[in-house]
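What follows is a short report on a single structure.
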Amino acid sequence: MLRLLRCVVCLFFFAASAHAEDAPPQAADILAAAVATAVKYSDARYAFSVDFWSEQNGDELALKLRFDPRRAQGEQWSLLDVSIDDLSKDQKKAFKQFQKSENPDEALVYDTLEDELGGVVLVEETQAVAVFTGPVVSDDLPKDVLEMTIRLNKAEGFVSQIDVRSKKPFKPMPVAKIKSMTQSQTYAAPNGDGAALLQASEGAANGKAMFKSFTTQSRQRYFDIERIDASALPGAGLE
């Protein structure tokens with residue numbers, strides 16, 4: 001009887017172990033792996049094109065641009081389809097703001113989610129998709145004003161969408177107050193061994209800045225993204 005009991009226990013343990021090995025990974029583990037992949041490629045550089053549109057207080061602005069980190073500093077942004085002489089005053093001002101941005105290709109990868117994983121919780125799950133929510137943690141913002149929703153493509157192992165919304169009015173700086181804001185970013189599936197890259201971004205906000213009310217919305221579509229070999233960057237190989 002004792003020998004039989006031992007056999008039954010061994011068979012049960014073997015079956016349980018086999019079941020555990022065959023069990024699909026948990027959604028939280030898939031999310032952690034997706035973010036780990038993004039972190040792995042966080043130092044990669046990219047050239048990309050962006051179709052930019054914004055509207056503020058009824059005034060619209062549109063630009064189509066190309067960013068290439070292989071170009072010299074100050075020349076990394078270029079216009080597509082038009083020359084700078086064809087731009088309006090507001091378009092020229094916006095283009096100059098783009099030219100001042102540093103390493104804008106960093107925003108293509110969601111590696112910064114690594115700092116948020118400890119605060120997110122699973123709120124919805126199907127066989128194909130898992131949805132997590134949690135607070136946005138930032139030293140530059142008041143506590144508990146922004147909430148984030150992460151949509152995970154479980155089958156392909158990448159974050160397909162990140163939504164952020166304000167939970168209450170807040171002041172990002174002393175001279176400005178945001179009454180409400182939303183932002184949504186969608187990502188394309190990884191290409192080969194790379195990271196999932198930003199495909200589109202849109203947002204809206206309203207509030208006051210410098211004692212003037214404002215309402216703004218924007219959309220960006222990213223395309224022709226190219227990962228750049230580090231050896232092709234300016235200063236490569238120099239100590």
| field | Qualifying residues in the range 124-145 (those that are part of a strand (DSSP E or B) and in contact (Cβ under 8 Å) with a residue 24 or more places away in the chain) - the one farthest from Tyr46 (Cα to Cα) | value | Glu125
| remark: Within the range 84-120, the count of residues that are under 20 Å from Ser138 (Cα atoms), in contact with a helix residue (DSSP H, G or I) (Cβ under 7 Å, 6 or more places away or on another chain) and assigned to a helix (DSSP H, G or I) comes to 4
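Out of the residues in the range 127-178 that are of a type in the set (D, E, K, R) and closer than 16 Å to Pro25 by Cα, state the one that is surrounded by the fewest Cβ atoms within 10 Å (Cβ to Cβ). Before the answer, list the steps.
The first filter runs over the range 127-178 and keeps only residues of a type in the set (D, E, K, R), leaving 139-140, 143-144, 147, 151, 154, 156, 163, 165, 167-168, 171, 177.
Then drop every residue that is not closer than 16 Å to Pro25 by Cα, which leaves 154, 156.
On the way: Lys154: 19, Glu156: 13.
Across the range 127-178, the extreme among qualifying residues is Glu156.
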| query | How many of the residues in the range 79-126 are surrounded by 13 or more Cβ atoms within 10 Å (Cβ to Cβ), in contact with a Ser or Thr (Cβ under 7 Å, 6 or more places away or on another chain) and within 25 Å of Asp68 (Cα to Cα)? | reply | 2
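Would you please name the residue that is nearest to Thr215 (Cα to Cα), looking only at residues in the range 127-179 that are among the β-branched types (Val, Ile, Thr) and modelled with pLDDT under 95? Walk me through how you get there before you give the answer.
To start, the set of residues in the range 127-179 that are among the β-branched types (Val, Ile, Thr) comprises 129, 131, 133, 136-137, 145, 149-150, 159, 162, 164, 175, 178.
From what's left, modelled with pLDDT under 95: 136-137, 145, 175, 178.
Working: Val136: 23, Val137: 25, Val145: 19, Val175: 16, Ile178: 10 Å.
Among those that are among the β-branched types (Val, Ile, Thr) and modelled with pLDDT under 95, it is Ile178.
Out of all the residues in the range 177-201, which are assigned to a strand (DSSP E or B) and farther than 18 Å from Asp144 by Cα? Please lay out each step first, then the result.
Of the residues in the range 177-201, the ones assigned to a strand (DSSP E or B) are 177-188, 197-201.
Matches in the range 177-201: Ser184, Gln185, Thr186, Tyr187, Ala188, Leu197, Leu198, Gln199, Ala200, Ser201.
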| said: So Phe98 passes all but one of these: (1) over 23 Å from Leu198 (Cα atoms); (2) in contact with a strand residue (DSSP E or B) (Cβ under 6 Å, 6 or more places away or on another chain); (3) modelled with pLDDT under 95; (4) not basic (Lys, Arg). Which condition number does it fail? | reply: (1)
| remark: Picking from Ala72, Ala34, the residue that is outside any loop (DSSP other than H, G, I, E, B) and either of a type in the set (Ser, Thr, Tyr) or farther than 17 Å from Phe223 by Cβ (or both) would be Ala34
| query | Of these, Asp51, Asp43, which one is at pLDDT 75 or above, under 25 Å from Gly157 (Cα atoms) and acidic (Asp, Glu)? | reply | Asp43
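The values are calculated or read from the model by the stated rules, or taken from the named source; none is laboratory data. Model, not experiment: these values are computed from the prediction. Backbone-built Cβ (ideal geometry, glycine too); neighbour counts: all protein chains shown.
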